[in-house]
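Report on one structure; see the data block that follows.
The values are calculated or read from the model by the stated rules, or taken from the named source; none is laboratory data. All figures in this text were calculated on a predicted structure; none of them were measured in a lab. Cβ: placed from backbone, ideal geometry, glycine included. Neighbour counts: every protein chain shown.
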Amino acid sequence: MTTESSAPAASAAAADGNSRLYTITELAAEFDITPRAIRFYEDMGLLEPGRAGRNRVYTHRDRARLKLTLRGKRLGLSLQDVKQLIDMYDAESDAAPQLKAFLDVLSQHRRQLEQQLQDIEVTLAEISQHEERCAALLADALPAKAGAKASA
């Protein structure tokens, strides 16, 4: 059984030149997520931690990728879309294709949200109609009951 949660950050220099390394516990606490969620993001290929013995250690790059992953999730993007976008930023190339791809993803997501909003508005209108009808039926039924009790 590993003790990742109590492992100190390793002191070896990270591949990206930033010597700060993070444990899974540190990242989980910083981003208010569980270590299990971080391991899930690893399984999805979003993070690639190194090892210090049996413990995972994360570089500044991993921390940035986790931050971008969580931001994409808050925007409602799929993890597949998030991974594609993050991987494009990792590739050393012209930023224009990356920005265009991101705009395409955001545009598609906007269309989905606008459709959901329309669906919600229709559903709320239907609920309002049902509420009004039920209230009217209830109002009609109450005087009839009161009249029946008075004559009995």
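Among the residues of the range 49-73, how many are over 16 Å from the mean Cα position of the chain (by Cα), among the polar types (S, T, N, Q) and either exposed (fewer than 15 other Cβ atoms within 10 Å of the Cβ) or closer than 22 Å to Met88 by Cβ (or both)?
Looking only at that region, the number is 1.
Would you mention how many residues in the range 89-115 are surrounded by 14 or more Cβ atoms within 10 Å (Cβ to Cβ) and among the basic types (Lys, Arg)?
0
Working only within the range 35-44, note down all residues that are surrounded by fewer than 16 Cβ atoms within 10 Å (Cβ to Cβ) and touching a helix residue (DSSP H, G or I) at 6+ places or on another chain (Cβ under 6 Å).
Once the filter is applied, which keeps residues that are surrounded by fewer than 16 Cβ atoms within 10 Å (Cβ to Cβ) and touching a helix residue (DSSP H, G or I) at 6+ places or on another chain (Cβ under 6 Å), the range 35-44 yields only Met44.
Tell me, please, whether a residue that is buried (at least 16 other Cβ atoms within 10 Å of the Cβ), outside the structural domain of Leu113 (by TED's automatic domain parsing) and either at pLDDT 90 or above or under 20 Å from Leu106 (Cβ atoms) (or both) can be found in the range 1-20.
Checked the range 1-20: no residue is buried (at least 16 other Cβ atoms within 10 Å of the Cβ), outside the structural domain of Leu113 (by TED's automatic domain parsing) and either at pLDDT 90 or above or under 20 Å from Leu106 (Cβ atoms) (or both).
Any idea which residue in the range 30-48 is nearest to the chain's Cα centre (by Cα), counting only those that are assigned to a loop (DSSP other than H, G, I, E, B) and either under 18 Å from Val82 (Cα atoms) or of a type in the set (Gly, Ala, Ser) (or both)?
Ile33
Quick one: which residue in Val57, Val82 is closer than 30 Å to Ser19 by Cβ, assigned by TED's automatic domain parsing to the domain that holds Tyr22, among the hydrophobic types (A, V, I, L, M, F, W, C) and touching a residue at least 40 places away in the same chain (Cβ under 8 Å)?
Val57
Restricting attention to the range 74-88, report how many residues are surrounded by 15 or more Cβ atoms within 10 Å (Cβ to Cβ) and charged (D, E, K, R).
Here the count works out to 2.
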